Structure formats: structure tokens, C-alpha cells
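Chemist: Have a look at this one.
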Amino acid sequence: MKQIIQDLNSGKTILENIPAPAIKRGHVVIQSHRSLVSLGTERMLVEFGKANYLEKVRQQPEKVKQVLDKIKSDGLRPTIEAVFRKLGEPLPLGYCNAGEVIEVAPDVKEFKVGDRVVSNGPHAEIICVPKNLVAKIPENVSYDHAVFTVIGSIGLQGIRLLEPKFGETVVVTGLGLIGLLAGQILVANGCHTIGFDFDNSKVELAKSFGIDAYQINENMNPVSVIEEITQSQGADAVLITASTKSNDVISQSAQMCRKNGKIVLVGVIGLNINRSDFYKKEISFQVSCSYGPGRYDENYEEKGYDYPISHVRWTEKRNFQAILQAISKNQIKVEKLISEVIDFENYNIVYDNIAESKSIASVFKYDITAAEISKSIQLREYTYDPKLPNVGIIGAGQFTSSTVLPNLKKAFCNVASIASSKGLSGTLLAKKFGIAESTTALDLILNNEEINTVIITTRHNSHAELVVKSLNAGKHVFVEKPLALTNSELNEIEIAYNNNNGKLMVGFNRRFSPFSLEARKIISNSKIPINIVLTMNAGFIPSEHWVHDPEIGGGRIIGEACHMIDLATFFIGSKIIKVTANGISTSSDNVSILLHYANGSNAVVNYFSNGSKAYSKERIEIFSQNKTIIIDNFKRSEYYGYKSSGMSKSQDKGHAFQFKQFMESVALGTSSPIPFHELLNTSRAAIAAVDSLKSNTWINI
């Protein structure tokens, strides 16, 4: 199937051939019939992609400080690589889609195959969308008209925040597509709706919808117009749907308002606010978030948990339904808004001239008879080598792109296939790294007898299930940490491991760093218990991030602090027998974990998110027999009491050597680089630390 993407590095808009997306829990798969080009949003992305590097920096000055902080903590070269890697990740374009349901997840009951629906899916022949971002199209509404639903909901949400009353005067600043739709909604609501725009054709179109519209020019002051119309009382509210860098719009909007008036921003404008404009009239200002309540809430969108209608009357999905109802009843007229209907294959007609486009709405029409629904595409011929690990990768996110694939190039293996849920990210990585196949069907990897090794880099909650399936399919398995989120999952993995002959490796790369290997070599002959303090200055991650979700990420102890637990075990060379943890409140990202080992050694893992970004992200201190070893951020080590004074080199956290060791063990049939009992012990210790934090007790392993 085909999908439109924007290459932010080259500036090119591309029609990419990718596998059809796989069905997911809580989702439906839709075959597109129409999609609407959001000229405002998509124009910004296209123009950003075409800009040179200096212009890109100017457009995103808030990113500069993040880059400087990363240079301080990680160094110049890793930062530059990260920036260019980010620019090298093309973005899918589009978010207004109408089509037919062709597949439904078993847990979704409100849709069936054949339903006509709208969604916020991208410009693609086949899309997979969460059920709470999908709404059924009424029978009397065509695909051409239904495709306006999502963008109409953006305007509707802004209006809901204004809370306009029948008979009130509301100004709409900017009569682009959202402004014209919002203006019609306000008219239907019984409001005296006044609109402003520089483009006379949009002004005339707005007038045909009952909007009192005016063209802005050098001889016309919008504020004076409102004063005259309202007899100097001012407008009750202003809805800003314009797109400009100028600060004039927000100032004029405040001057237009009556005392205690409201302003809601839907568009993108300069926000250098003049305090006096707002102070004298006590004007309220609010920024509207997309389609409505539920947007960017993973529980609502991805997990499918709806907000009770008694508490949240209008969610984003219910806003979709309201717009569809208004179109069905001809309260919103969209026919005049369609500037052109273009065959999907001719997408460049829109994007080649998007900067100068005067269109209101461009609609893509899909040839449903030509769409390919294959879950796999071949990018090159694959040559099987029985002497090497032949690898299938499950997961095509940032870690796969930045760490796994670059380091696999240095290891002795063939990468045969890569799987991603939506197909796009996997295909782009396959092209970049010369992988033969991109797929969205896991079974194509698990059932491929030529693939003997699987690498898993998906979200944490899927690790255990995929490890079990891969082991049972007769594969050797490398899984990025964590191995599992619960002890019951670890039990299932243990059974699968014992019942099969495959190797199992977890991505505990720190033990493979040259700094760790050298320190282990120095202290390995000691039979005396040692003490270790391992500190991760992890940095703050917002509470809504998926890694904090106990069902998806498992929290930062299980998901990240496990690195330090494994490293402590690597140095000590014994089994953890009990764990206790103490933190700030029950926070899992500001916690100290005490590990007690069978040989009498102790390790303290400090995992903190409240430290300075300028300080080292990771620091290890080893104390033994009046001697001390310090490893600072895997860039420098210092030895006290030893003949050597330490070492210094470019940051090396051990990823490359980790993959090299694992692939060699597969090729040569030797033992896995990390013993299975250590993988289990570390994983159970991380889970125990979370339990201890909740119970405030020691937990035996």
C-alpha cells in the first residue's frame, strides 16, 4: 500500500510503498476512500522540511537549549548524530480520513466490517486507528463531505471553550478552512458571527454562509469595524483561526473584546501579549487542544477508555459525531469548500505548490481497487547464510534506529526482516540499512525457518509475550530491557526457555562497556565482599509518558534502573537475595535501592530524576579493600589504590560489543554472554524493588 510522508531532511514529499498495518487491540483497519489536505498544518511541515539547517533552528529556538544540554551530558558527536537522526525520521502527513472498515480487533464491538467511518488517519491507502478516534458516517453523507469531520472538530472544540450564547457577537479571525467551518457552526448556534481575512475570495465565501465577513486591507482596521458594529460595546468573544507569526492578531483580538470577553486560539500566531490589552478588560485567553477532551491521553486514545458522558459531555469522538450530524442536517455546508478532488497518485499537484496555494480544501480520492493489502514488501533479494545469525527484528522505533541497527552492522549477522505495527518506520529503516523485507506480520518472522535469531525492541509490555513466542518458534532471542514486567511473565519465560534450545539475551549493555570490563578484571580475584554505589541521573520524564504506565512501561525502576542492577551483579559476581527500596513518596523515579548479595556484598542503586542535566547521567563507585574505582558516564574512569590511574575515551556504553558477543555465541554455538539465571535474578530484583517501595519492607528474591 502507499502512504504520503514528508522528509524533514531533504524537504521532499514522498509517496512511500509500505506494508499494510497490522490490527491492534482496540483498533480498526480502514481502507481509505477520501482524505483531506489540511493546508495550514501540512504547509508548515513541508516548508520546515524545505528549510536549510539555520532556518530550521530559527523556527524551533526552544530545541536549541535541549541540544546544548545534551552536548554537556553526552558530548558533541552523539548529540550531532541524534539531531541528524531525528531530522532523518520522515513524518506521515494528513489527519482527516474517510473510508470503509475492513478489519476489526476482537475487543472492539461498536464497529463491523463494511462500516463507513471517519478518523484522524493519515494520507494512506490502508490505516489502523484506535476506536475512540473513529466515528460512523450517516447514510446521507458522502465520503467527499464526511472527510471534513476531523478538521471541523478542531473548530468546534475552540467554540466549546468560548461557550457562546444565542445572540452573542463572536469574531472569527482567519477564514481558512477551520475558520469557515467554525463560522458556520457559530451561525447555526444563533450567534452574530463576524469574520476577517486578507483574501477577498474567502470573505465572499464566508458571506454565502451567513457570516458577516470583511476583507482586511491597509485602509481597514478590524477593531474599528467591531466598535462600529457593536456600538462600542465590543465582541463577546474572539476565535482565532489565523496562521501568522505576527503579534498583531492577539492584540487586536483583545481590543475587539468587551469587558470580561473571551479569546480562544485555534490557529498559530505570535503570542507576545500586551498586558494592558487584557488587564483593563479582564479578558480570558485560552489555547484550544485539537479535537477535544481525550486528545493526547493514552488511556482514552490507545487503551480505549471513554470518559463518562455525565462528566465529560464532549470528547473528541463525540465532537466527530456532532460535526457529522451537522453535515447530515445541512447545518454545515462543505460542498463550496472543496477546491479540488485529486487522485491520490497525483499528490504532488498539491504539495509542489502548497506554499502558494489559494485552495480552501484539497481532497484526495483513492482507487480502492488498486490498493494492495499485503502485510509484507520485499526491498531486495535476501541471501541466507547458514554460518551466520540470520536476524528478524520486531520493533522499528528510535532505539532500533539509533542503536540496534548501527551496531548490528559491526556484528557478524544478516538482517533478513524488520517488523513494525504500521509499516512505515520499518520500511524506512529497511531501506536505510539494506534489510530485505519490511512487514507488519510477526508470523512472517516467527515462521520463517531461515531466520534463527529474533531481536525485540517493542514497548515493554509486549516483551514477555514476544520472548515466549520466539523461543517456542525455535529462535535465539535478544530482547531490549526489561525482560518482563511481572513475576508471572518471568515464570512463563522460564518455562519456554527450559523447553527449547534457543539462547536468551537481555540488552544489559553496560556490563559490555570497556570501562566495566576493565573494572571487573581488576576486582574479579577478590573473595571479600564489596560495596558499590551506582547512580543514574536519569532526568525528568512527564508523568503521562508511557514508561510510567505500570501496564505498558512498568515504571522507570523495571524499565531503566534494571541496567544498574545488572551492572552491580556483573561486578559482584553473586546472586541478589533480598532487596529494599526507599523513595520520595512512592515515586519510581526518585528512589534508592539496596541490593544484598549471597556473598555478603551490597549495592546501592540511586535512580533520580531531579538532578541537574549538567551533571553526569551515570556514575559508578566501587569500594573494596581500601581501594576505589569510579566510572564517570562511561567516558572516564579513575582508580584509587591501584597501579593504574584509570582510562579516558569517547563514551562507550557497550552496545557494539554486546551485539558482537551475542551474535558470536549464536554463530559458534557457545554460551550466551549473560547467564540465564542472572537475567532472571536481575529481573526479579527490579520487580521486588517496586514491591518494596510500596510495602516499605525487604523483599526476598
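The values are calculated or read from the model by the stated rules, or taken from the named source; none is laboratory data. Keep in mind that what you see is a predicted model, and the values were worked out from it rather than measured. Neighbour counts run over all protein chains shown; Cβ positions are idealised from the backbone, glycine included.
Chemist: Exactly one condition in (1) touching a residue at least 40 places away in the same chain (Cβ under 8 Å); (2) under 25 Å from the mean Cα position of the chain (by Cα); (3) in a loop (DSSP other than H, G, I, E, B); (4) buried (at least 17 other Cβ atoms within 10 Å of the Cβ) is not met by residue 332; state its number.
Modeler: Answer for residue 332: the failing condition is (2).
Chemist: State yes or no: is residue 606 in a loop (DSSP other than H, G, I, E, B) and either over 30 Å from the mean Cα position of the chain (by Cα) or in the same structural domain as residue 534 (by TED's automatic domain parsing) (or both)?
Modeler: no
Chemist: Being within 30 Å of residue 374 (Cα to Cα) and either buried (at least 24 other Cβ atoms within 10 Å of the Cβ) or outside the structural domain of residue 269 (by TED's automatic domain parsing) (or both) narrows it down to one of 178, 154, 127, so name that one.
Modeler: Working: 178 fails: within 30 Å of residue 374 (Cα to Cα); 154 fails: within 30 Å of residue 374 (Cα to Cα).
It is 127.
Chemist: Related question: List the pairs whose first member sits in region 666-678 and is outside any loop (DSSP other than H, G, I, E, B), whose second member is basic (Lys, Arg) and surrounded by 19 or more Cβ atoms within 10 Å (Cβ to Cβ), and whose Cβ atoms are under 8 Å apart, counting only residues at least 6 apart or on separate chains?
Modeler: 666/503
Chemist: When you go through 581, 603, 598, 568 one by one, which is the residue that is touching a residue at least 12 places away in the same chain (Cβ under 8 Å) and surrounded by fewer than 17 Cβ atoms within 10 Å (Cβ to Cβ)?
Modeler: On the way: 581 fails: surrounded by fewer than 17 Cβ atoms within 10 Å (Cβ to Cβ); 603 fails: surrounded by fewer than 17 Cβ atoms within 10 Å (Cβ to Cβ); 568 fails: surrounded by fewer than 17 Cβ atoms within 10 Å (Cβ to Cβ).
Just one listed residue meets the conditions, 598.
Chemist: Tell me whether region 86-102 contains one or more residues that are among the hydrophobic types (A, V, I, L, M, F, W, C), touching a residue at least 24 places away in the same chain (Cβ under 8 Å) and closer than 19 Å to residue 294 by Cβ.
Modeler: Filtering region 86-102 down to residues among the hydrophobic types (A, V, I, L, M, F, W, C) leaves 87, 91, 93, 96, 98, 101-102.
From the residues that got through so far, the ones that are touching a residue at least 24 places away in the same chain (Cβ under 8 Å) too are 87, 91, 93, 96, 98, 101-102.
Remaining after also requiring closer than 19 Å to residue 294 by Cβ: 96.
Yes, because at least one residue in region 86-102 is among the hydrophobic types (A, V, I, L, M, F, W, C), touching a residue at least 24 places away in the same chain (Cβ under 8 Å) and closer than 19 Å to residue 294 by Cβ.
Chemist: I would also like to ask the following. For region 462-484, state whether one or more residues are buried (at least 19 other Cβ atoms within 10 Å of the Cβ), modelled with pLDDT of 95 or more, assigned by TED's automatic domain parsing to the domain that holds residue 609 and among the aromatic types (Phe, Trp, Tyr).
Modeler: no
Chemist: Let me ask another. So in region 31-51, with the set limited to residues that are assigned to a helix (DSSP H, G or I) and either of a type in the set (Lys, Arg) or at pLDDT 90 or above (or both), which one is farthest from residue 366 (Cα to Cα)? Spell out the reasoning first.
Modeler: Going through region 31-51, the residues assigned to a helix (DSSP H, G or I) turn out to be 39-50.
Add one more test, that the residue is either of a type in the set (Lys, Arg) or at pLDDT 90 or above (or both), and what stays is 43, 50.
Details: 43: 22, 50: 27 Å.
Result: 50.
Chemist: Additional query: Out of the residues in region 679-701 meeting the condition of being at pLDDT 95 or above and in a loop (DSSP other than H, G, I, E, B), tell me which one is farthest from residue 594 (Cα to Cα).
Modeler: 697
Chemist: While we're here: Looking for whichever is within 35 Å of the chain's Cα centre (by Cα) and in a loop (DSSP other than H, G, I, E, B) here; the options are 543, 574. Which one fits?
Modeler: Working: 574 fails: within 35 Å of the chain's Cα centre (by Cα).
The unique qualifying residue is 543.
Chemist: Return yes or no: is residue 309 in the same structural domain as residue 159 (by TED's automatic domain parsing) and either modelled with pLDDT under 95 or farther than 20 Å from residue 121 by Cβ (or both)? Explain how you work it out, then say what you get.
Modeler: Details: in the same structural domain as residue 159 (by TED's automatic domain parsing): no; either modelled with pLDDT under 95 or farther than 20 Å from residue 121 by Cβ (or both): yes.
The answer is no for residue 309.
Chemist: Among the numbered criteria (1) more than 30 Å from residue 235 (Cβ to Cβ); (2) of a type in the set (Ser, Thr, Tyr); (3) in contact with a Phe, Trp or Tyr (Cβ under 9 Å, 6 or more places away or on another chain), which single criterion is violated by residue 315?
Modeler: (1) is the only condition that residue 315 fails.
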